[in-house]
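Worksheet for the structure shown next.
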Amino acid sequence: MSLFNDYMREGKGINKGADTRPRLIVFFDIFFRKFWNLITVNLLFILACIPIITIGPAIAGLTKILRNYAREEHAFIWADFWETFKSNFLKAMLIGIIDFVVSFIIIFDLYMYIALNASPILRIVALALMFITATIFIFMNYYIFPMLITFRLTFKQLIKNAFIFAWIGFWRNILVTILIAGLTAIAVLYIYTLGIFYIALIYFSLCGLIINFATYPLIKKYMIDGYDPQTGEKLDDQN
């Protein structure tokens, strides 16, 4: 059985042969070919986030479209988004609530750290713990929703696998974080001018495309390639 306890919901799709182009070229090719679709799904995502409690399912729907684009497959924006939104509603909503709670705790801890009157060593230790926790939490979120909409996994398996991927893909996770931080900085700096249109039209789908483009090859390598799609057994171990 796979280390990740994977039970496939979907297959690999049509194998079109290995794309030998540099990954950066492939990304921009997808981005420009799907540009107007990215705007459409970005608006759909914002709509689906009303009310706030549905942010988790909305991320699941967004991830389904962008994961398909990342592996160069077709997606029916309206149908695939809402089907994934509904079929993963409860689990995705729970993940969204947990994300909110953990984010609140991290922000509250940072506030307490600023107000902390303690020795320099204790302050350094506290800051290091907060930084490590926040980093792993962010990295895990890159993988939870792609796994949620691709595999039949329990909540415990999702968390365990995401934690493993946070370390396996450590350097690519850092790169993704830097890119998303840059895109977010643009939104914040220009929030009162073009930033609001940037957020409304492309921000969420662009961030999601970067995440799925970077993380799916790793998920495919460790949870799809070489495993039976029905049993999760490693094909080399079946004889």
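Can you tell which of Ile124, Ile98 is under 30 Å from Ile65 (Cβ atoms) and assigned to a helix (DSSP H, G or I)?
Ile98
If Thr231 satisfies every condition in (1) more than 20 Å from Ile97 (Cβ to Cβ); (2) among the polar types (S, T, N, Q); (3) modelled with pLDDT of 90 or more but one, which is the exception?
Among (1) more than 20 Å from Ile97 (Cβ to Cβ); (2) among the polar types (S, T, N, Q); (3) modelled with pLDDT of 90 or more, Thr231 violates only (3).
Report, ordered by the first and then the second residue, all pairs with beta carbons closer than 7 Å, sequence separation of six or more or different chains, a first member in the stretch 112-141 that is of a type in the set (S, T, N, Q), and a second member that is part of a helix (DSSP H, G or I) and surrounded by 10 or more Cβ atoms within 10 Å (Cβ to Cβ).
Final answer for the pair search is Thr133/Ile106; Asn141/Asp99.
Rundown of residues vs (1) surrounded by fewer than 15 Cβ atoms within 10 Å (Cβ to Cβ); (2) at pLDDT 95 or above; (3) within 16 Å of the chain's Cα centre (by Cα), yes/no style:
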residue: Ile77; (1), (2), (3): no, yes, no
residue: Phe100; (1), (2), (3): yes, no, yes
residue: Phe104; (1), (2), (3): yes, no, no
residue: Tyr111; (1), (2), (3): yes, no, no
residue: Phe131; (1), (2), (3): yes, no, no
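Mind telling me which of the residues Val41, Val26 ends up being out of contact with any Leu (no Cβ under 9 Å at 6 or more places or on another chain) and part of a helix (DSSP H, G or I)?
Val26
Is at least one residue of the stretch 113-120 more than 30 Å from Trp82 (Cα to Cα), aromatic (Phe, Trp, Tyr), exposed (fewer than 13 other Cβ atoms within 10 Å of the Cβ) and more than 13 Å from the chain's Cα centre (by Cα)?
no
Need pairs with beta-carbon distance below 6 Å; first residue over 21 Å from Ile186 (Cα atoms) and within the stretch 196-220, second assigned to a helix (DSSP H, G or I) and hydroxyl-bearing (Ser, Thr, Tyr); sequence gap 6+ or separate chains.
Once the first residue is over 21 Å from Ile186 (Cα atoms) and sits in the stretch 196-220, its partners that are assigned to a helix (DSSP H, G or I) and hydroxyl-bearing (Ser, Thr, Tyr) give Thr215/Tyr142; Thr215/Tyr143.
Which residues, counting only those in the stretch 150-179, are assigned to a helix (DSSP H, G or I), closer than 19 Å to Leu209 by Cβ and in contact with a Leu (Cβ under 9 Å, 6 or more places away or on another chain)?
If the condition is that a residue be assigned to a helix (DSSP H, G or I), closer than 19 Å to Leu209 by Cβ and in contact with a Leu (Cβ under 9 Å, 6 or more places away or on another chain), then Phe165, Arg172 are the ones that fit.
What are the pairs with Cβ atoms under 9 angstrom where one residue, in the stretch 20-36, is over 17 Å from Leu66 (Cβ atoms) and the other, located anywhere, is among the hydrophobic types (A, V, I, L, M, F, W, C)? Sequence gap at least six, or different chains.
none
Only one of Met130, Met140, Met112, Met147 is in contact with a helix residue (DSSP H, G or I) (Cβ under 7 Å, 6 or more places away or on another chain), farther than 23 Å from Ile65 by Cα and either among the hydrophobic types (A, V, I, L, M, F, W, C) or not in a loop (DSSP other than H, G, I, E, B) (or both); which?
Residue meeting the stated conditions: Met130.
The values are calculated or read from the model by the stated rules, or taken from the named source; none is laboratory data. Since this is a predicted model, take the numbers as computed values, not measurements. Here Cβ is always computed from backbone atoms with ideal geometry, including for glycine, and neighbour counts include all displayed protein chains.
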